Amino acid sequence: MTTLSTTTPGVRQTDFRFRCIACGNLSDEASQNFRCANCGDLLEIIYPHWKETANNLRSTWSQRRLSQSAVDLSGVWRFRELLPAIESDDQAITLREGNTPLYDLPQCARLTGVPRLLAKHQGMNPTGSFKDAGMTVAATFARRSGFRWVACASTGNTSASMAAYAARGGLRSLVLVPEGKISWSKLSQALDYGAVTCQLCTDFDGCLKLLQELVLRAPVYQLNSINPFRLEGQKTLALELLEQLDWQPPDHIIVPGGNLGNSSAIGKALLEMRDLGLISQLPKLSVIQAEGANALVRTLREAAGKSLISVRAETRATAIRIGNPASWKKAAHVLEATGGACEQVTEIEIAQAKAEIGAEGIGCEPASAVTLAGLKKLLQRGFVKPQESVVLVLTGNLLKDPDFTMEFHRGDLFKGTRDEDASAALNPLRRPPMVLDATLDAVIRTLEQAENSP
Ligand code: F0G
């Protein structure tokens, strides 16, 4: 068994640059807020010296599956030719992220009418969300740049992931989360991994604004998806997906949209794969938002994608309760470049889709379920054709938000809301827990009732 990582001579790239997404300014350094020194817009990472051939890359990546070194066991660093380079493998802070399953959803396929529906489950990452793929790269570069403190604003998953990677890398971490608006299970992860956790009396957008100011005043490295290293790591979701599909692109990839970093990352990967000749055809990348947090939907519909229309966000899918998405320009660009669509779904549609994914034995958190709800809408409006292949990106694990699941099955989720009456339609999907006498009769009666119900 080898502990050496697999490197192929001539494949490893050695440098990258930052490019402003608005004015195109190129630089070798980024300031602590990761904004262009010229115009203040966001930066992306580019690789001026890519010259690999697609064949080399594919075989290098698959060969690494046989290696036991930490960077090869990581489903992110395994694709390191398309990532910013580190000098030595032991610089990577890794928890064996990536390597997530691609599941068939046969019941959901039948419900929606597509022949085959796949789900790339990023909730199967070490801390239970897609954030780990970006965090391994960004935390690595935080430590490499000599920072002792990392920080993020979060709706919960980023903070859980950052706290874990910081702890693994010997860094201290500071978490800013909106008070009362994130799930306890995510908050408890940050506490367990040793983060300094601040619940601020504002929303996510308020937390992020404060963080942007903080990093200019204190020696703190920010790990939100404004940080372009995060997006480089998250790109590997698409590389791994295409590898799992034997490099045959699906017609559609559907992803939830909050701060819009993940959609931007996946889109960047698709465009890079096309440019490198790894795929010959681009899947259409579509973004789905909750109706109550629909800034991108409105920006594209009402402002033709030219200026951001922020909203006051409200949704029970708290992971995407974001009204002022930082990466909206990047997301608008990749939607246009891949020919994707943007849709919104209601709270009831989210709850229904989540229960349907759960009933497949897969499960996900509410924010991930917007993808299935969105697919139904995209089919209705004819954007997805019934014979086309579709991959949903499930971003978070079912266990991330147990309150939502319990309230749904107990019938409390919509109590006192304007959706209360309409939510009765979801009753057939509910499986409330029952309190019974501890007798055989009671259990057998329940079993018979369940057998005879649809
Ligand atoms: N799904 C889940 C489970 C999330 O946690 C998030 C974002 C998204 C989707 C949206 O991804 O922001 O890249 O568009 N969560 C962030 C957080 C904001 O702080 O955990 P996005």
Exercise. Report yes if Asp246 is in contact (Cβ under 8 Å) with a residue 60 or more places away in the chain, open to solvent by 10 Å² or more (accessible area, probe 1.4 Å) and charged (D, E, K, R), otherwise no.
Key: no
Practice problem: Hey, can you tell me all the residues within the range 275-302 that are closer than 30 Å to Ala351 by Cβ and either open to solvent by 10 Å² or more (accessible area, probe 1.4 Å) or not hydrophobic (A, V, I, L, M, F, W, C) (or both)? | Solution: Pro283, Lys284, Ser286, Gln289, Glu291, Gly292, Asn294, Arg298, Thr299, Leu300, Arg301, Glu302
Exercise. Could you tell me whether the range 110-119 includes any residue that is of a type in the set (D, E, K, R), under 23 Å from Leu392 (Cα atoms) and touching a Gly at 6+ places or on another chain (Cβ under 8 Å)?
Key: no
Quiz item: Quick one: is Gly169 within 16 Å of the ligand (Cβ to nearest atom) and at pLDDT 95 or above?
Solution: no
Quiz item: Any idea how many residues of the range 399-421 are assigned to a helix (DSSP H, G or I) and either more than 15 Å from Glu349 (Cβ to Cβ) or open to solvent by 60 Å² or more (accessible area, probe 1.4 Å) (or both)?
Solution: 9
Quiz item: If you go through the range 94-104 one residue at a time, do you hit one that is over 21 Å from Ser263 (Cα atoms), of a type in the set (A, V, I, L, M), part of a loop (DSSP other than H, G, I, E, B) and in contact (Cβ under 8 Å) with a residue 40 or more places away in the chain?
Solution: yes
Practice problem: Report, ordered by the first and then the second residue, all pairs with beta carbons closer than 6 Å, sequence separation of six or more or different chains, a first member in the range 132-146 that is open to solvent by less than 10 Å² (accessible area, probe 1.4 Å), and a second member that is among the acidic types (Asp, Glu). | Solution: Asp132/Glu97; Ala133/Glu97; Thr136/Glu97; Val137/Glu232
Self-check item: So Gln189, is it at pLDDT 95 or above, within 21 Å of the chain's Cα centre (by Cα) and open to solvent by 10 Å² or more (accessible area, probe 1.4 Å)
Solution: yes
Quiz item: In the set Ala373, Ala422, Ala341, Ala355, which member is within 19 Å of the chain's Cα centre (by Cα) and under 26 Å from Lys181 (Cα atoms)?
Solution: Ala373
Practice problem: Being touching a strand residue (DSSP E or B) at 6+ places or on another chain (Cβ under 8 Å) and outside any loop (DSSP other than H, G, I, E, B) is the filter; apply it to the range 25-79 and report the residue that is surrounded by the fewest Cβ atoms within 10 Å (Cβ to Cβ). | Solution: Leu26
Quiz item: Just checking, which of Gly180, Gly194 is at pLDDT below 95 and either in a helix (DSSP H, G or I) or more than 14 Å from the ligand (Cβ to nearest atom) (or both)?
Solution: Gly180
Quiz item: Under the condition of being more than 7 Å from the ligand (Cβ to nearest atom) and over 10 Å from Leu223 (Cβ atoms), which residue from the range 148-161 is surrounded by the fewest Cβ atoms within 10 Å (Cβ to Cβ)?
Solution: Arg148
Self-check item: Enumerated helices (runs of 4 or more DSSP H) restricted to the range 225-327, each holding at least 1 residues that are over 20 Å from the mean Cα position of the chain (by Cα)
Solution: 261-275, 295-302
Quiz item: Scanning the range 203-243 for residues that are of a type in the set (Lys, Arg) and open to solvent by less than 10 Å² (accessible area, probe 1.4 Å), which turns out nearest to the ligand (Cβ to nearest atom)?
Solution: Arg230
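The values are calculated or read from the model by the stated rules, or taken from the named source; none is laboratory data. Every value quoted in this text rests on a predicted model; they were computed, and no experiment measured them. Virtual Cβ from ideal backbone geometry, glycine too; neighbours counted across all protein chains shown. Please note that ligands, DNA and RNA were not included when accessible areas were found on the heavy atoms of the full protein model with its side chains. Shrake-Rupley method; radii C 1.70, N 1.55, O 1.52, S 1.80 Å.
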